[in-house]
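Here's the structure, in structure tokens; my notes come after.
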Amino acid sequence: MVNFSVNHSLPSDSVPAALSYRMPAEWEPHAATWLSWPHNRDSWPGQFEPVPEIWAELVGVLCQAERVQILAGGEAVMAEANKLVGHLPNVFLHDIPTNDAWTRDHGPMFLTGPAGAEPALVHWGYNAWGGKYPPFDLDRQVPRRIAEMFSFRRFEPGIILEGGAVDVNGSGSLLTTEQCLLNPNRNAGLSRAEIERYLADYCAARHVIWLGGGIAGDDTDGHIDELARFVEQRTVLAAVEDDPQDVNYEPLRDNFARLHAACDEQGRSLEVVAMPMPRPVYFGEHRLPASYMNFYIANGLVIVPQFGQPSDAGAMHTLARLFPGRRICGLRAVELAWGLGAFHCITQQQPAIRRSGFPA
């Protein structure tokens, strides 16, 4: 496992929040969506063949709404990506190699700043969800490579944090889980208060809402993007399990209760909307972390995981109600779930900023 040095003594004017940068909400305008082209067969053992086509289908939808930037380092990876999506409009391939395809977690966290501020990103440390899946040396360098390629200002906190572990409303509130951010396999020795300080400095999170744990089959130790998501400044969509005999029933019930007791950064109570879980999805004897919460919000669009179940339509209806004016697009996600993720896990939004000449 890789250890990252933690710098507790950075001057206050060197962190993003002090410079008026913030992590915007996902529904705010994007300049682009970033992806890493899939090539690691070990992530989908025995089921890799359909995965590139799923990526291509996703890219085909996204490129109608915004630019799609794809990491496709190496001759073979670049050739396959170019064959499947290189002909599409608004698609750009970059020779930046990766170990795996989970851009939400190994990619940069893009920030927005005041008008005239230079483009910026956060380069968090990365250790493949607590050292579970080595090697990850190439993935660790992705934010730096992107910053160098596009001349972004790069902030490097020195602690480990994956993008799927946090969700924000863009105005100061952040959702996360104790199971993930307090897990010693990330940043052993850091207290809750110290982690909150990093979230305040690098995400501009003035208020952190802590949920408990994650769902069965999730190898990320409770990423929030399988559990609960802001869909408006003080509205949270949260997964619920209706079957009291299901292993997910109690942890999701606890998370739902915590959200009802929580407030936003202004002290206002949250509106909490329930999103029922799909029936359990298995591959052989392995239960997969199938959840409708792994949706992705793009410009004028919401991509929703579909698991071939009657509940798929209900998930689409709920998101259509919460995002009026956006196209709700359901894409098959069963094969992605065998890799233990879905559409939010493989995407990372680059927000639009107010500056002419921005390299988007």
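Overview of values
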{"quantity": "From the options Ala342, Ala290, residue that is more than 22 Å from Gln64 (Cβ to Cβ), in contact (Cβ under 8 Å) with a residue 40 or more places away in the chain and among the small types (Gly, Ala, Ser)", "calculated": "Ala290"}
{"quantity": "Odd one out for Arg41 among (1) free of Cβ contacts under 8 Å to residues at least 60 places away in the same chain; (2) under 23 Å from Asp221 (Cα atoms); (3) buried (at least 19 other Cβ atoms within 10 Å of the Cβ)", "calculated": "(3)"}
{"quantity": "Where Ala315 falls short, out of the listed (1) in contact with a helix residue (DSSP H, G or I) (Cβ under 8 Å, 6 or more places away or on another chain); (2) under 29 Å from Val68 (Cα atoms); (3) surrounded by 16 or more Cβ atoms within 10 Å (Cβ to Cβ); (4) not aromatic (Phe, Trp, Tyr)", "calculated": "(1)"}
{"quantity": "Flag for Glu265 being in a loop (DSSP other than H, G, I, E, B), farther than 27 Å from Gln47 by Cα, over 17 Å from the mean Cα position of the chain (by Cα) and acidic (Asp, Glu)", "calculated": "yes"}
{"quantity": "Boolean, Asp221 is at positive phi and crowded, with 20+ Cβ neighbours inside 10 Å", "calculated": "yes"}
{"quantity": "Residues that are among the aromatic types (Phe, Trp, Tyr) and buried (at least 20 other Cβ atoms within 10 Å of the Cβ), drawn from segment 55-97", "calculated": "Trp55"}
{"quantity": "Lone qualifier among Asp105, Asp137, Asp100 - being touching a Gly at 6+ places or on another chain (Cβ under 7 Å) and either among the acidic types (Asp, Glu) or surrounded by fewer than 20 Cβ atoms within 10 Å (Cβ to Cβ) (or both)", "calculated": "Asp105"}
{"quantity": "Answer from Ala205, Ala239, Ala228 - the residue that is of a type in the set (Gly, Ala, Ser), crowded, with 21+ Cβ neighbours inside 10 Å, in contact (Cβ under 8 Å) with a residue 60 or more places away in the chain and within 30 Å of Pro278 (Cα to Cα)", "calculated": "Ala228"}
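Residue by residue, here is whether (1) closer than 19 Å to Asp242 by Cβ; (2) of a type outside the set (Asp, Glu); (3) under 21 Å from the mean Cα position of the chain (by Cα); (4) part of a loop (DSSP other than H, G, I, E, B) holds:
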residue	(1), (2), (3), (4)
Pro289	yes, yes, yes, yes
Pro305	yes, yes, yes, no
His317	yes, yes, no, no
Pro324	no, yes, no, yes
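Read-outs: derived from the displayed coordinates by stated rules, not from any lab. Bear in mind the structure is a predicted one, so any value in this text is a computation, not a measurement. Here Cβ is always computed from backbone atoms with ideal geometry, including for glycine, and neighbour counts include all displayed protein chains.
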